[in-house]
């Protein structure tokens, strides 16, 4: 039986760690690394599981050198939901006007610049934030500073009481990332059903960034999104528009941070490769379904008139 290079390395390391036994061994050396690995193929799953395992132990060693136990991306501290409601500011009317639920995860940057992760749930695996989102939050592009706090939410309600959801594992049924038309400054060359400055966009996370600067506390709300490149609409149909998700030259998804106010309208989108992937899949094409009212009724009524 063929064994990949990654699995060979993983097995050799695990054999040197046999003093870990029982559920604790499986949780941190098998279950947790595989939780966010993608089932695209056996080789890809093995490679990503090994990489998660390696990063986990690397973080463990680095943080232990500074006397810390929290492990960013792989392990979060679990809070007792009943005892820590004050920390999440949960009230009967919701967390805030924009966020009807308490945060799923809170990131705290200490004075050493190390980020500690806390999940407000009874189970770690159920709310593990996808690695590409965590990597973005920890990158210089986002820019967390010592003393900063970032709350990650799964739901956002706009001024018209329209609910948008971005959850890594909604009710244990898998990931749920809503799509919306988002307003960007750049205008597309060819106008489709919507205005030129609106692009179909997958909503990955809603965040509240709390900064402590010179004794002052500021709060910024925004969303992390994966949008589409502009479309020439040459492959559009009567009821759909064809777009392409945005990836860079290394086939990595291009994420953007947008203000919540730029979210315009919720969409129904059909993806040829629907998974949230760390690399470009077999297809980056998405099909945006035009609104049923009035687009569909007008299209069918015109078709009926032509048939008559």
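Of everything listed in (1) more than 24 Å from residue 138 (Cα to Cα); (2) buried (at least 17 other Cβ atoms within 10 Å of the Cβ), the single unmet condition for residue 191 is (2). Within the stretch 144-188, the set of residues being loosely packed, with under 11 Cβ neighbours inside 10 Å and closer than 22 Å to residue 112 by Cβ comprises 145 only. When the stretch 143-163 is filtered for residues that are assigned to a strand (DSSP E or B), in contact with a helix residue (DSSP H, G or I) (Cβ under 9 Å, 6 or more places away or on another chain) and under 18 Å from residue 276 (Cα atoms), only 152 remains.
Mind listing just one residue for me: the one in the stretch 98-114 that is surrounded by fewer than 18 Cβ atoms within 10 Å (Cβ to Cβ) and touching a helix residue (DSSP H, G or I) at 6+ places or on another chain (Cβ under 8 Å) and, of those, farthest from residue 157 (Cα to Cα)? Among residues in the stretch 98-114 that are surrounded by fewer than 18 Cβ atoms within 10 Å (Cβ to Cβ) and touching a helix residue (DSSP H, G or I) at 6+ places or on another chain (Cβ under 8 Å), the one farthest from residue 157 (Cα to Cα) is 114.
Quick one: in the stretch 215-246, of everything that is in contact with a helix residue (DSSP H, G or I) (Cβ under 7 Å, 6 or more places away or on another chain) and modelled with pLDDT of 95 or more, which residue is nearest to residue 98 (Cα to Cα)?
221
Looking only at residues that are touching a strand residue (DSSP E or B) at 6+ places or on another chain (Cβ under 9 Å) and within 19 Å of residue 246 (Cα to Cα) in the stretch 282-300, which one is modelled with the lowest pLDDT? Only one residue fits best here, namely 283.
The values are calculated or read from the model by the stated rules, or taken from the named source; none is laboratory data. Please read these numbers as outputs of a predicted model, since none were measured by experiment. Neighbour counts run over all protein chains shown; Cβ positions are idealised from the backbone, glycine included.
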